[in-house]
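Notes to accompany the following structure.
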Amino acid sequence: MKEHETLEQRLHEQGVSRRSFLKFCAAMATMMALPPGSATAIAAALAKVKRPSVIWLSFQECTGCTESLTRSHSPTLESMIFDMVSLDYHHTLQAASGFAAEQAREDAMKEFNGKYLLLVDGSIPLKDGGVYSTIAGRTNLDLLEEAAKGAAAIVAVGSCAAFGGIPNANPNPTGAVAVSDIIKDKPIINISGCPPIPAVITGVLAHYLTFGALPALDNLGRPKAFYGETIHDRCYRRPMYEQGKFAKTFDDEGARNGWCLYELGCKGPTTHNACATTKWNGGTGFPIEAGHGCIGCSEPKFWDAGSFYAPLPAPAADVTTVAKAAVIAGAVAAVVAGAIDRGKKTKAQQSREKLTVDDLKGE
Amino acid sequence: MEQELLLWVRGTGLQIAAAVFVIGMVYRMLHILMLGRKKSLAAPRGSEWSGGLRTMWKRSFVTTKLSARGNFTVVAGFIFHIGFFITLFFLTQHIDLFRAVLGLHWPAMPRGVIDMAAVLSIAAMVALLVHRFIDPVKRLLSDYQDYLSWILSFLPLLTGFMLLREIGFEYITLLTMHIASVELLLVIAPFTKLAHMFSTFIARWYNGAVNGFKGIEI
């Protein structure tokens, strides 16, 4: 396998003009909130950089993350991702299959040992020896540990790889865990979301190629540039929340007038993501703009946090039944205590001895 | 971690708090009622019922008769309680909670009213605490329960106001703190002076009923 050509050569071959390339760099710099002059710096760095080898492992996932990346309309920044990197293994996208596909992965791992980027989508099942998800007869755990050894960095794409996601949801029958639960000695960046925003994946890779390092991360390992604020912070319906204007159903006058979806279960206030600013489908909109509340998909345990349609103040567990049982328990306890009191009173009354003249004489 | 904490206070934590609060309150209130009173053998000069009910209602308002306790305490205490009730029962988010738990709901008050009620309530509480420190009689009468009750009632108000305005911390942190502070209040309330949230009505009833029986004008 020969050394990959530079990104500029590759783009030139594909007929991408220098102008389009600079636009892409400016967009990346803006998205990541870098200083104004950094677009040219990104361009200079990206032009020279050798396209890194990328191995993409898909575990317990629904291919939604790959869909998100590839199904965005063309031409997009997202499509350029495949020109920026050499995607040497991705079992959904590659032409090769069977032994040839696995051979491609092994070749890339050998050739670019210590230099390749490992992208993972999907969680890893650990229960029963990891039998619940295998590729070419090998468990996900086995493949991940092997591929992680030679990786320069790991990008966990989507909430399943980042936090365990849906497979990890209660009762977690396969014992699914996140990449970071297994790999402890490599830099890991979590790009959460179900699916994550395509531009975020592109942005993180552009940052890595430009600066040779991962961007600043929050306490959950997510790039701060995209996950630094909540959906609620940047929501265009925020003024409605402040004014206390809440839609009560999905079809009332409030909903039609774009009132806040808080009471319809929107998890925007507790969800960190860039949906409200970067948006989806080429900037068309995001779920709240389409009239549906945020379901909090870029946060850990989002599937277990109660109904998507229950407002945040509503309990995440059945409190009503507990309270009903508590009323009975409290009443029973009170009746028992009352009976004991009454018993003591009666006993005291019965054992009371009347004062007699003889008693007085004895004094 | 933050999400897990929030999930816990919204789920298991709330279940525990609700169970302790309801068991504790039902037990204590029923227990008080079951103690009962010895039947008076005197001829009644008035109605127990009318006296009891009228007292329960009338003592909910500031009257000149109460000023013997000190106008400041009465007025500031009244402002705190009214502010507390308004924020507790008329904030949209709280009505959402009642609807989810009890199935009952009612119209909310505008955010401006809630904000004002919360600020007045917080200010009244601070003023009452300062007064408790300054006034020698009150200071002598206060024990740890008074300060504990103050803290337990103040924290939900303060964190709630911070949450509405997103002051100091992120929404998720404030929401977790707010719910946790309410749960702390729920767990401790039945076993301290805070049980007066229910027992005060029993006390008023007995007071009023005794007076009514004796024919005292209420």
Under 5 Å, built H, 5+ apart or other chain: amide partners of A:Gly285: A:Trp280
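Once you've got the Cα coordinates, tell me which of A:Lys345/B:Lys58; A:Lys248/A:Lys279; A:Lys23/A:Lys248; A:Lys50/A:Lys267 are over 31 Å apart.
On the way: A:Lys345/B:Lys58 35 Å; A:Lys248/A:Lys279 25 Å; A:Lys23/A:Lys248 43 Å; A:Lys50/A:Lys267 41 Å.
Beyond 31 Å: A:Lys345/B:Lys58; A:Lys23/A:Lys248; A:Lys50/A:Lys267.
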Go through the cysteines of the protein assembly as shown and tell me which have no other cysteine Cβ under 4.7 Å away. A:Cys25, A:Cys62, A:Cys65, A:Cys160, A:Cys235, A:Cys260, A:Cys266, A:Cys275, A:Cys294
Taking Cα atoms only, helix A:140-149 is inclined relative to the longest principal axis of chain A by an angle, in degrees rounded to 10, of 60
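When the Cα atoms of the range A:1-72 are enclosed in a convex hull and the volume is divided per residue, what value in Å³ results? Before the final figure, lay out the partial values.
Numbers: hull volume 9.3 nm³, N = 72.
Spread over its residues, the Cα hull of the range A:1-72 gives 130 Å³ apiece.
Can you pull the mean other chain C-beta count within 10 Å for peptide A:339-348? Don't skip to the end; give the middle numbers.
Working: counts 1, 0, 4, 3, 0, 0, 1, 0, 0, 0.
If you average over the peptide's residues, the count of other-chain Cβ atoms is 1.
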State, as an integer percentage, the relative contact order of the range A:137-225 based on alpha-carbon contacts under 8 Å between residues 6 or more apart. 26
If each part is reduced to its alpha-carbon centroid, the range A:249-313 and the range B:84-118 end up apart, in Å, by 22
With chain B treated as a Gaussian network of Cα nodes joined by springs under 10 Å, which of B:Ala127, B:Ala76, B:Ala42 yields the largest mean-square fluctuation? B:Ala42
If you take all C-alpha pairs in the range A:249-308, what percent of them are over 16 Å apart? 46
Helix A:98-111 sits at what angle to the longest principal axis of chain A, using alpha carbons and giving 0 to 90 degrees rounded to 10? 80
State, as an integer percentage, the relative contact order of chain B based on alpha-carbon contacts under 8 Å between residues 6 or more apart. 40
Mind pulling the per residue volume of the convex hull built on the Cα atoms of chain B? Å³ is fine. 156
Relative to the longest principal axis of the C-alpha atoms of chain A, give the angle of the C-alpha long axis of helix A:198-211, reported between 0 and 90° and rounded to the nearest 10°. 60
For the range A:247-363, the fraction of alpha-carbon pairs in successive 5 Å shells from zero, as %: 2, 9, 12, 11, 10, 7, 5, 5, 5, 4, 4, 4, 4, 4, 3, 3, 3, 2, 1, 1, 0, 0
DSSP bridge orientation in the range A:9-223 - percent antiparallel, rounded to nearest 5: 25
Beta carbons within 10 angstrom, averaged per residue: use that to sort the peptides A:234-240, B:136-142, highest first. A:234-240, B:136-142
Along each principal axis, Cα extent of chain A, largest first, Å: 123, 53, 40
What average number of partner chain Cβ atoms lie no more than 10 Å from the Cβ of the residues making up B:99-111? 3
With a ≥ b ≥ c taken as the square roots of the eigenvalues of the C-alpha gyration tensor of the range B:1-125, please select rounded if a/c is under 1.5 and otherwise prolate if a/b is larger than b/c or oblate if it is not? oblate
If you average the alpha carbon positions of the range A:27-74 and of the range B:1-47, how far apart do those two centres end up, in angstrom? 58
Choice from A:Gly212, A:Gly98, A:Gly114 showing the highest fluctuation, given a GNM over chain A with Cα pairs closer than 10 Å: A:Gly98
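Considering only protein heavy atoms, what per residue accessible area in square angstrom results for the range B:34-139 with a 1.4 angstrom probe?
Working: 7010 Å² over 106 residues.
Accessible area per residue, the range B:34-139: 66 Å².
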Probe 1.4 Å, protein heavy atoms only - accessible area per residue of the range A:229-331 in square angstrom: 43
Mind ranking B:187-199, B:11-23 by how tightly packed they are, going by the mean number of other C-beta atoms within 10 angstrom, highest first? B:11-23, B:187-199
For chain A, which whole-number percentage of the solvent-accessible area (1.4 Å probe, protein heavy atoms only) is attributable to carbon and sulfur atoms? 56
For the range A:229-331 the mean separation of alpha carbon contacts under 8 Å (6+ apart) over residue count, i.e. relative contact order in percent, is 26
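Before rounding to the nearest 500, sum -39500 (n - 2.57) across all DSSP H runs of length at least 4 in chain A and divide by the residue total; then give [θ] at 222 nm in deg cm²/dmol. Don't skip to the answer; put the middle values down first.
Numbers: 16 runs with 152 residues, N = 363.
It comes out at -12000 deg cm²/dmol, rounded to the nearest 500.
I want to verify the translational diffusion coefficient of the range A:9-223 in µm²/s; compute it with Stokes-Einstein, Rh as the Kirkwood radius over Cα pairs, at 10 °C and 1.306 mPa s.
Numbers: Rh = 17.7 Å.
Answer from the Stokes-Einstein relation: 90 µm²/s.
To the nearest whole number, what is the average tally of beta carbon atoms from other chains within 10 Å of the beta carbons of peptide B:167-175? Before the final figure, lay out the partial values.
On the way: counts 0, 0, 0, 6, 8, 9, 1, 1, 4.
Mean shielding count: 3.
May I ask you to give the average projected area over all directions of the convex hull of the Cα atoms of the range B:116-200, in nm² rounded to one decimal?
Working: hull surface 25.2 nm².
Mean orientational projected area (the range B:116-200, Cα hull): 6.3 nm².
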How large is the helix-only mean residue ellipticity at 222 nm for chain B, computed as the sum of -39500 (n - 2.57) over DSSP H runs with n ≥ 4, divided by its residue count, in deg cm²/dmol to the nearest 500? -25000 deg cm²/dmol
Distance from the range A:216-231 to the range A:122-194 (C-alpha centre basis), Å: 21
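The values are calculated or read from the model by the stated rules, or taken from the named source; none is laboratory data. Just so it is clear, the structure is predicted and the values come from calculations on it, not from any experiment. Every residue, glycine among them, receives a Cβ derived from its backbone with ideal geometry; neighbour counts consider all protein chains shown. Only protein heavy atoms, including side chains, enter the accessible area calculation; ligands, DNA and RNA are left aside. Shrake-Rupley method; radii C 1.70, N 1.55, O 1.52, S 1.80 Å.
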